[in-house]
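Okay, structure first, notes after.
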Amino acid sequence: MDADPTTHPTTLELHAAWILVATFTLSAIYELWRATAKAGASRHDSMRVFLTQDLVLYILGAIVIALLFAGVTGAAWIGLIFSVLLILVSIFYYNPKIMLERHPGLIDWFEDLTYTGLLFVAAALLAYQVAGKVLTAG
């Protein structure tokens, strides 16, 4: 790629950014559904929690995504660290604590596995980016 990576996002950064857009869109829709249709089902399911805890995560996610789209120097590292931290939170905190308190159904498991899986995809793309690797067809 001939573009200067300090001023233009790389293809890997763009793909990771779009994956994170999908990840956080799915999460926001799911958490909003839990805060409204499932309000009171657990202590994690309310508009108060959505506005005080979930919204902070979405704002941080939006900042990381914006940095990736802008091609800011170091954005791949920031995105990689952010994605890995969220994967660790999902595996070691969300699943064993929050998910079980919610008495999950099919929709809950689908969202959780898809969310975490998409974070793994974004992290893999960003790991390639920070390692200086380029993906090519064939």
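The values are calculated or read from the model by the stated rules, or taken from the named source; none is laboratory data. Keep in mind the model is a prediction, meaning the values are calculated, not measured. Cβ: placed from backbone, ideal geometry, glycine included. Neighbour counts: every protein chain shown. Accessible surface areas use protein heavy atoms only, side chains included; no ligands, DNA or RNA. Shrake-Rupley method; radii C 1.70, N 1.55, O 1.52, S 1.80 Å.
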Using the Cα centre of the chain as origin and beta-carbon charges of +1 (Lys, Arg) and -1 (Asp, Glu), tell me which of L126, I29, V49 is placed farthest towards the positive end of the dipole. V49
For region 20-92, fraction of C-alpha pairs farther apart than 18 Å, in %: 45 percent
The answer for the chain, accessible area per residue at 1.4 Å probe in Å², is 56 Å²
If you plug each phi of region 17-33 into the Karplus form 6.51 cos²θ - 1.76 cosθ + 1.60 with θ = phi - 60°, what whole-Hz ³J(HN,Hα) values come out, in order, with x for Gly and Pro? 4, 5, 4, 5, 4, 4, 4, 6, 5, 4, 5, 5, 4, 4, 5, 5, 4
For the chain, inverting the pair-averaged 1/r of distinct alpha-carbon atoms gives a Kirkwood value in Å of 15.8 Å
Evaluated at q = 0.11, 0.16 Å⁻¹: base-10 log I(q)/I(0), Debye formula over Cα of region 65-138: -0.36, -0.66
Taking a label point 7 Å from the Cα of A39 along Cα-to-Cβ, the residues of region 51-93 whose backbone nitrogen sits under 18 Å from it are 51-55
Mean Cα-pair separation over length for the chain, i.e. relative contact order, pairs under 8 Å, 6 or more apart, %: 38 percent
Peptides ranked, highest mean first, by Cβ atoms within 10 Å: ranges 127-133, 74-80, 84-90: 74-80, 84-90, 127-133
With Cα springs under 10 Å, the Gaussian network model of the chain assigns the largest mean-square fluctuation among V49, V21, V121 to V49
Given a 1.4 angstrom probe, I'd like the percentage of the accessible area of the chain that is carbon and sulfur, rounded to a whole number. 73 percent
